[in-house]
Amino acid sequence: MQKSLVLLKPDAVERRLIGEVISRFERKGLNIVAMKMLRVTPELSKQHYAEHVAKPFYPNLEEFITSSPIVALAVEGLDVIRVVREMLGATNGLKAAPGTIRGDYSSSRQMNLVHASDSEESAARELALYFQPSEMCEYTPTLVGSFRASDES
């Protein structure tokens, strides 16, 4: 099983879309194995977006991500990194396909509701920023047989 970090950004929280976004992941058959609401500090923002800190747009990004609480999720499933990113849609909500989270609810590049890890390496680094190993609650849902065949793992 693969894990990914998903952040419901300040705009998702402010717009009361937390339940809608989480329900899409659950309906897809993905497991939420850790979840918490927190405020991103400037220090955490710099760690999370380390590759962007020197870029001209970073101050606006930091101002946005620290402006309101976020919800951090550890999501687990088969090929979850690709699956979640496809469910989110294009980064710019105006370019995201209808039916995706951003396509249905976003009309901005920066205020695009959700962040998700883009690789296994990023997922491992990002998950460690937001969750301690003891906070992971891995489990096998009793309905797993309804989501995939027994030889898919």
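Among the residues making up the range 109-119, a single one is buried (at least 21 other Cβ atoms within 10 Å of the Cβ), of a type in the set (A, V, I, L, M, F, W, C) and part of a loop (DSSP other than H, G, I, E, B): Leu113. Of all the listed residues (Arg109, Arg39), the sole one being basic (Lys, Arg) and at pLDDT 95 or above is Arg39.
Each row is one residue, and each column tells you yes or no for (1) in a loop (DSSP other than H, G, I, E, B); (2) polar (S, T, N, Q); (3) buried (at least 19 other Cβ atoms within 10 Å of the Cβ).
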site: Gly93; (1), (2), (3): yes, no, yes
site: Ser107; (1), (2), (3): yes, yes, no
site: Ala123; (1), (2), (3): no, no, yes
site: Thr142; (1), (2), (3): yes, yes, no
site: Asp151; (1), (2), (3): yes, no, no
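Summed over the range 1-39, the residues that are in contact with a strand residue (DSSP E or B) (Cβ under 8 Å, 6 or more places away or on another chain) and closer than 21 Å to Gly145 by Cβ give a count of 10. Within the range 111-153, restricting attention to residues that are of a type in the set (D, E, K, R) and free of Cβ contacts under 8 Å to residues at least 24 places away in the same chain, the residue that is farthest from Ser4 (Cα to Cα) is Asp151.
The helices (runs of 4 or more DSSP H) located wholly in the range 4-82 that include 3 or more residues which are free of Cβ contacts under 8 Å to residues at least 24 places away in the same chain and over 18 Å from Gly99 (Cα atoms) occupy 42-48, 58-65. Cβ-Cβ distances below 6 Å connect the following pairs, each with a first residue in the range 83-96 that is small (Gly, Ala, Ser), a second residue that is modelled with pLDDT of 95 or more and surrounded by fewer than 15 Cβ atoms within 10 Å (Cβ to Cβ), and a separation of six or more residues or different chains: Gly89/Ala97. The number of residues in the range 125-140 being buried (at least 16 other Cβ atoms within 10 Å of the Cβ) and charged (D, E, K, R) comes to 1.
The values are calculated or read from the model by the stated rules, or taken from the named source; none is laboratory data. Note that the structure is predicted; figures quoted are calculated from it, not measured. Using ideal geometry, Cβ is built from the backbone for each residue, glycine included, and neighbour counts are taken over all protein chains shown.
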